[in-house]
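Student: Here's a structure for you.
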Amino acid sequence: MTDVSRLAASLLQSALRTFRLVPDEKRGPALEALDSFLAAPGPLTFLRASRVVNELGRTALLARLGSAGMERSLARGLETLAKVPEMDPAVTERLRALPVDPRAGRRLEALAALIITHQELASRAEAASSKLRRQMEKMKARRSSAPPKGAPPRSIPPKSATPRRKSTAEAGR
């Protein structure tokens with residue numbers, strides 16, 4: 001499959017998805033962009049056509065789903081994000097300016113979940129790192145209390161003066 005045929009296949013899928021949502025009378029700009037691609041197939045005309053087709057589909061989807069539900073979803077996502085510990089309120093305010101689309105609220109909720117997960121993993125890593133650091137310090141302290149290399153070995157404590165008991169098999173001999 002050539003590059004142009006891959007681009008055409010991708011554009012066809014986008015157009016089919018969009019045209020399921022868009023009434024015939026509103027397809028004009030997308031059809032013109034598709035005609036431009038077909039007249040001169042290439043990356044530039046593909047990008048132009050893709051943008052027009054995808055924007056038309058996005059607009060139709062927004063109109064179909066209704067902005068009230070999306071705004072509620074976005075508000076829920078922003079609220080979830082605002083509840084994240086150590087979340088800078090300025091970031092939440094900047095995100096509030098994003099355009100409303102059907103998935104924005106879910107994306108913000110997913111972002112909040114990712115941040116919370118990251119914070120939890122970071123605290124676990126810090127705890128494990130601290131534990132490891134303490135263990136290393138203990139090992140270092142033990143090594144510093146050990147005699148230096150080349151020093152005469154410590155004397156071995158004498159064995160117990162109590163005689164060893166013979167087993168019954170040894171006693172019968």
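Student: What is the sum of charges around R96, taking Lys and Arg as +1, Asp and Glu as -1, for the other residues whose C-beta is under 12 Å from the C-beta of R96?
Tutor: Values: positive: R94; negative: E71, E79, E93.
Every neighbour counted, the sum reads -2.
Student: Now for a separate question. What does the extension gain come out to for R6 and R107, with contour length at 0.36 nm per residue minus their alpha carbon separation?
Tutor: Working: separation 101, 0.36 × 101 = 36.36 nm, distance 2.93 nm.
Gain on extension, R6 to R107, equals 33.4 nm.
Student: Hey, with R₀ at 41 Å, roughly what FRET efficiency would K83 and K26 work out to, going by the Cβ-Cβ distance, to 0.05? Intermediate values should be presented prior to the final figure.
Tutor: Numbers: r = 40 Å, r/R0 = 0.98.
Using R0 = 41 Å, I get an efficiency of 0.50.
Student: Could you compute the net charge surrounding D35? Neighbours are other residues with a C-beta less than 12 Å from the C-beta of D35; K and R count +1, D and E count -1. Please list the in-between numbers first.
Tutor: Working: positive: R27, R48; negative: E32.
Residues close to D35 contribute a combined charge of +1.
Student: Would you calculate the separation in nanometres between label points at M136 and E120, each defined as 7 Å from the Cα along the Cα-to-beta-carbon direction?
Tutor: Placing both labels 7 Å beyond Cα along the Cβ direction yields 2.8 nm.
Student: Less than 12 Å Cβ to Cβ from R48, Lys/Arg counted +1 and Asp/Glu -1: what total charge do the surrounding residues give? All intermediate terms of the calculation are to be shown ahead of the outcome.
Tutor: Values: positive: R51; negative: E32, D35, E55.
Net charge around R48: -2.
Student: If L47, L95 are ordered by their accessible area, calculated over protein heavy atoms with a 1.4 Å probe, which sequence runs from highest to lowest? It would help to have the intermediate numbers written out before the result.
Tutor: Working: L47 85, L95 35 Å².
From most exposed to least exposed: L47, L95.
Student: Carbon and sulfur together cover what percent of the accessible area of the range 1-134 at a 1.4 Å probe radius?
Tutor: The computed percentage sits at 60.
Student: Give me the extension gain from S129 to R143: residue separation times 0.36 nm, minus the current Cα-Cα distance, reported in nm with one decimal.
Tutor: Working: separation 14, 0.36 × 14 = 5.04 nm, distance 2.09 nm.
Stretched out fully, the S129 to R143 stretch lengthens by 2.9 nm.
The values are calculated or read from the model by the stated rules, or taken from the named source; none is laboratory data. Fair warning: this is a prediction, and the values are worked out from it, not measured in the lab. Cβ: placed from backbone, ideal geometry, glycine included. Neighbour counts: every protein chain shown. For accessibility, only protein heavy atoms count, side chains too; no ligands or nucleic acids. Shrake-Rupley method; radii C 1.70, N 1.55, O 1.52, S 1.80 Å.
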